[in-house]
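Notes to accompany the following structure.
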Amino acid sequence: MAIKTSAVFAVSLALCGYTGPAAAAEHMDSEEYTDSAYQSVDHSDHDTGVYLGASVGATWYSDDGKLDGYNLDDSDIGWSLFGGYRINRYIGVEGGYVNLGEYKATSNSNNTADSFDAFYLAAVGILPFGEHWQLRAKAGGGIMKLDQSFSSQDDARDEGGTYILGVGGRWAPDFFYGVALNLNYDTYFFTVE
């Protein structure tokens, strides 16, 4: 059988929180700190630090014709847990776990369900605009795990490499105190036999 490139597409809404210098700088800017020692703090590192988050969203599976002849239920709900470090205003690194959902294919002779999970590490490019908005792009790689269950044969498990491309936006208003909302569109590419 020919090797086909498959992809899972994910659109997600994420909630993430910053720790470290960025969150501390926001906290020091509050009225609670009026001492002159705090007023002289350099906030140039405001855009750096660790962030942690979770997301949930819709996912779609593209099999590149591998399941021709099957009725394919190619959409589901996925979720992820992620963390990263923003090195400076424009560059960061992110890693995480993503559950990309389960997809079912049925035919007259067989039913199958495929579920995908991935661990990834990606470089993140950030373009801030305005006081509270960012455009973001990420590219990286990871390990994709595939669990398959069949009605006519034994279940199977496989894993292999995946590469990830994503774009999105982030909104982080002051009144959220170090918490931001992300809207992302990510694609996880992998090969199957």
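The values are calculated or read from the model by the stated rules, or taken from the named source; none is laboratory data. The structure displayed is predicted, hence computed values, not measured ones. Cβ sites come from the backbone with ideal geometry, for glycine too, and all protein chains shown count toward neighbours. Surface areas here come from the heavy atoms of the whole protein model, side chains and all, with no ligands, DNA or RNA. Shrake-Rupley method; radii C 1.70, N 1.55, O 1.52, S 1.80 Å.
Restricting attention to segment 148-167, which residues are open to solvent by 50 Å² or more (accessible area, probe 1.4 Å), under 20 Å from Phe119 (Cα atoms) and not hydroxyl-bearing (Ser, Thr, Tyr)?
Passing the criteria: Arg157, Asp158, Glu159, Gly161, Leu165, Val167.
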Only one of Leu121, Leu127, Leu100 that is within 18 Å of the chain's Cα centre (by Cα), under 17 Å from Val11 (Cα atoms) and not charged (D, E, K, R): Leu100
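Yes or no, residue by residue, for (1) part of a strand (DSSP E or B); (2) free of Cβ contacts under 8 Å to residues at least 40 places away in the same chain:
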residue: Ser80; (1), (2): yes, no
residue: Val98; (1), (2): yes, no
residue: Lys104; (1), (2): yes, yes
residue: Ser109; (1), (2): no, no
residue: Tyr120; (1), (2): yes, no
residue: Gly125; (1), (2): yes, yes
residue: Leu135; (1), (2): yes, yes
Please indicate, with yes or no, whether at least one residue in segment 163-178 is out of contact with any Lys or Arg (no Cβ under 6 Å at 6 or more places or on another chain), free of Cβ contacts under 8 Å to residues at least 24 places away in the same chain and either in a strand (DSSP E or B) or of a type in the set (D, E, K, R) (or both). no
Pick from Val93, Val179: which is touching a Cys at 6+ places or on another chain (Cβ under 8 Å) and open to solvent by 30 Å² or more (accessible area, probe 1.4 Å)? Val179
Ser109: passes all of (1) surrounded by 15 or more Cβ atoms within 10 Å (Cβ to Cβ); (2) more than 26 Å from Thr162 (Cα to Cα) but (1)
